[in-house]
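**Q** One structure is given below, represented as structure tokens, and several questions about it will come after.
Computed from the coordinates by the stated procedures, all read-outs in this text should not be read as laboratory data. This structure is a prediction, so every number in the text was calculated from the model and none was measured. Neighbour counts are summed over all protein chains in view; Cβ atoms, including those assigned to glycine, are modelled from backbone coordinates with ideal geometry.
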């Protein structure tokens, strides 16, 4: 594999949006039409421009092959501000090449820079994605349950 570099994606909203689209379609292929009709590029640009999220891209030969996005949260239980991974995706043909770890390391460095107390990520059901759970646990994440949501 060629040399992989991880770069700040503040100005690469199109690549970030394209990779997040691939992630969303992989997670829910039945929603492909809806996902493709969502204004992901404008949403991504707006969020990156407002510093509501941060993103890093993994690149090989100037081609984006992976992405991680994160945002800042705050809570009493966490002891103040902390980070949360919103999306982490590596193109299938580049998986098992430590690219996810490189992206995660960039998120951890961002968290240390911002003095976060912790980094969290939503967890899939263990039986649905044991490989994902194993990845995060091998990187020091502890399972504390999953999340529920309500659309407003």
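**Q** With mean projected area of the Cα convex hull in nm² in mind, check (i) 11.5; (ii) 9.9; (iii) 14.2 and report the label derived from this structure.
**A** Read-out taken from this structure: (ii).
**Q** In nm, to one decimal, how far is the modelled label at residue 36 from the one at residue 22, with both set 7 Å along Cα→Cβ?
**A** Modelled inter-label distance: 1.6 nm.
**Q** What is the distance in Å between the Cα centroid of the range 1-72 and that of the range 128-152?
**A** When both Cα centres are located, 20 Å separates them.
**Q** Next question. With each run of n ≥ 4 DSSP H residues scored as -39500 (n - 2.57), what mean residue ellipticity at 222 nm is computed for the chain after dividing by its residue count and rounding to the nearest 500 deg cm²/dmol? Walk me through the numbers on the way to the answer.
**A** Working: 5 runs with 54 residues, N = 152.
Computed mean residue ellipticity for the chain: -10500 deg cm²/dmol.
**Q** Based only on Cα atoms, what mean projected area does the convex hull of the range 1-91 have, in nm²? Don't jump to the answer; show the numbers that get you there.
**A** Numbers: hull surface 28.6 nm².
Over every viewing direction, the Cα hull of the range 1-91 projects on average to 7.1 nm².
**Q** For a protection proxy built on the mean count of beta-carbon atoms within 10 angstrom, sort 51-61, 29-39 highest first, please. Before the final figure, lay out each step's value.
**A** Numbers: 51-61: 19.2, 29-39: 11.2.
Most protected by this proxy first, the peptides run 51-61, 29-39.
**Q** Restricting to Cα pairs below 8 Å that are 6+ residues apart, what does the relative contact order work out to for the chain? Please round to a whole percent. Intermediate results must be reported in sequence, preceding the final value.
**A** Working: 212 pairs, mean separation 29.4, N = 152.
It rounds to 19 percent for the chain.
**Q** Starting from the Cα-Cα distance between residue 73 and residue 138, subtract it from 0.36 nm times their residue separation and give me the gain in nm to one decimal.
**A** Between residue 73 and residue 138, full extension yields an extra 21.0 nm.
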